[in-house]
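S.K.: Here it is, the structure in full.
Just so you know, all these numbers are worked out from the coordinates, no wet-lab data involved. As the structure is a prediction and not an experimental result, all values here were calculated from the model. Glycine gets a Cβ as well: all are built from the backbone with ideal geometry, and neighbour counts include every protein chain shown.
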Amino acid sequence: MTLPPSDHFNGKTFFNPGEESDRGVLDLIRWKLTSRAEPWPERVEVAPRPLPPAPACAGVAATWVGQSTVVLRSASATILTDPIFSDRAAPVSWAGPRRVAPPGVDFAAIPRVDAVLLSHDHFDHCDLPTLRRLARRDDPLVIAPLGHRPLLAGSGLRRIVELDWWQTHECAPGLEATLVPALHWSRRRPFGANRSLWGGFMLRAGGRLVYFAGDSGYRERLFVEIGRRCGAPDLALLPIGAYEPRWFMRAAHMNPSEAVRAHRDVGARRSIAIHWGTFHLTDEGYGEPVRALEAARELAGLKADDFGAPPIGASVAV
């Protein structure tokens, strides 16, 4: 990749401006040796639900499939965020974190996907088997941060748009996506971290503004700037899971209390929780993110409709 250096690219790797360095292998070893993960159920039953009809005119219907996969439907388009329908979030099908909760919507029940918003290259967000299925079936437009083209093209995807932070792509009349910053990192192999960028998206569709945060740690200035530059979203899709232990995870993942603050900072009219209850990735217990979200929401004086944690397969409309 030949790109000029910037405030988040040094000519070789991407970085979070003004932030602590990413956790390394020694930090990972320390985490695994000094803490113990809370137990999770081996399997959580989820009955797949039908998708609600697309809005007839203005509006967006959002259905949480699991992890960070959300189906967004407007009157003119179907969009998928970070699609993963595989049983494992791993480079192989026989090892790695196994899915505890199945997808809340069957892959075959999703209508033709017009666009995919891909936030970064981690295995629970960038699932190549699912992307190959989409490439064969739908040939969707994939919008991703800088540096993802080789990985995506190798999976059979043809229509790829790479964006830098704050760049916007018009997918179709009335449908545009802006890549916004996130506090995170990237890597798919043991070595070569941060060779591709990461981020979230502000999507304009059906006359609505939808913010998909991807994965991100919390910084007030980050979310305030997103809301200031892009506008207050009608709906925010905010991660609340994979946050313990805090000394290791706070640089890359919000906890539920921080997600409530991000909801307010970005000015969201309504938020729903994603990135929890699907893969056992970190130390917190299975139901702890939802309990912590309820406590943080009550402390902030918010209602469940302001920032809720609907079950996998549930839908909301804005």
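S.K.: Identify the GluC sites (Glu not before Pro) of the range 1-101 meeting these criteria: DSSP loop state and at most 11 other C-beta atoms within 10 Å of the C-beta.
M.R.: Those satisfying the criteria are 20, 42, 45.
S.K.: Scan around residue 200 for amide H atoms under 5 Å from its own, H built in the peptide plane at 1.01 Å from N, and keep only partners 5 or more places away or cross-chain.
M.R.: Counting only residues 5 or more places away or on other chains, the set is 180, 182.
S.K.: Quick query: amide H of residue 78 versus all other amide H atoms, modeled in the peptide plane; which residues come in under 5 Å with a sequence gap of 5 or more or a different chain?
M.R.: When sequence neighbours closer than 5 places are left aside, the close amide H contacts are 114, 115.
S.K.: Quick one: compute the contact order of the range 59-303, relative version, from alpha carbon pairs under 8 angstrom and 6+ residues apart, as a percent.
M.R.: So the answer I get is 16 percent.
S.K.: Hey, another quick one. Going toward the positive end of the dipole of the chain, with +1 on Lys and Arg Cβ and -1 on Asp and Glu Cβ, which of 51, 214, 115 do you reach last?
M.R.: Comparing the listed Cα positions along the dipole, 115 ranks first.
S.K.: Please report the antiparallel percentage of the DSSP beta bridges confined to the range 14-124, to the nearest 5.
M.R.: Expressed as a percentage, antiparallel bridges in the range 14-124 total about 75.
S.K.: While we're looking at this one, here's another question. Can you work out ³J(HN,Hα) from phi for every residue in the range 159-164, in order, using Karplus 6.51 cos²θ - 1.76 cosθ + 1.60 and θ = phi - 60°, giving whole Hz and x for Gly and Pro?
M.R.: 9, 10, 10, 9, 10, 8
S.K.: Can you give the extra length, in nm with one decimal, that the chain gains between residue 303 and residue 164 once fully stretched, where that is 0.36 nm per residue apart less the Cα-Cα distance?
M.R.: 46.5 nm
S.K.: If you count the DSSP beta bridges with both ends in the chain, what percent of them are antiparallel, to the nearest 5?
M.R.: 60
S.K.: With unit charges on the beta carbon (Lys/Arg positive, Asp/Glu negative), name the residue among 86, 280, 260 whose Cα is farthest towards the positive pole of the charge dipole of the range 59-303.
M.R.: Of the candidates, 86 comes out farthest on the positive side.
S.K.: Would you kindly work out the equivalent ellipsoid of the chain from its C-alpha gyration tensor and give its semi-axes, the square roots of five times the eigenvalues, largest first in whole Å?
M.R.: After scaling each eigenvalue by five and taking roots: 25, 24, 21 Å.
S.K.: Going toward the positive end of the dipole of the chain, with +1 on Lys and Arg Cβ and -1 on Asp and Glu Cβ, which of 183, 96, 155 do you reach last?
M.R.: 155
S.K.: Using only helices, what value at 222 nm comes out for the chain when you add -39,500 (n - 2.57) per DSSP H run of length 4 or more and divide by the total residues, to the nearest 500 deg cm²/dmol?
M.R.: That comes out to -5500 deg cm²/dmol.
S.K.: Separate question: Stretch residue 232-residue 20 to full length: gain in nm at 0.36 nm per residue minus the Cα-Cα span?
M.R.: Additional length available on full extension: 73.5 nm.
S.K.: Name the residues whose placed amide hydrogens come within less than 5 Å of the amide hydrogen of residue 142, ignoring near sequence neighbours (fewer than 5 apart) on the same chain.
M.R.: Sorted by chain and number, the residues that satisfy this are 116, 159, 160, 161.
S.K.: Could you tell me the center-to-center distance, by alpha carbons, between the range 208-234 and the range 86-118 in angstrom?
M.R.: 25
S.K.: Right, here's the next one. Write out the trypsin sites (Lys or Arg not before Pro) in the range 287-318 meeting two conditions: DSSP loop, and at most 10 other Cβ atoms within 10 Å of their Cβ.
M.R.: 303
S.K.: OK, next. Could you give the distance between the Cα centres of the range 1-41 and the range 168-190, to the whole Å?
M.R.: 19
S.K.: Same structure, new question: How many angstrom separate the Cα center of the range 264-297 from the Cα center of the range 44-73?
M.R.: 18
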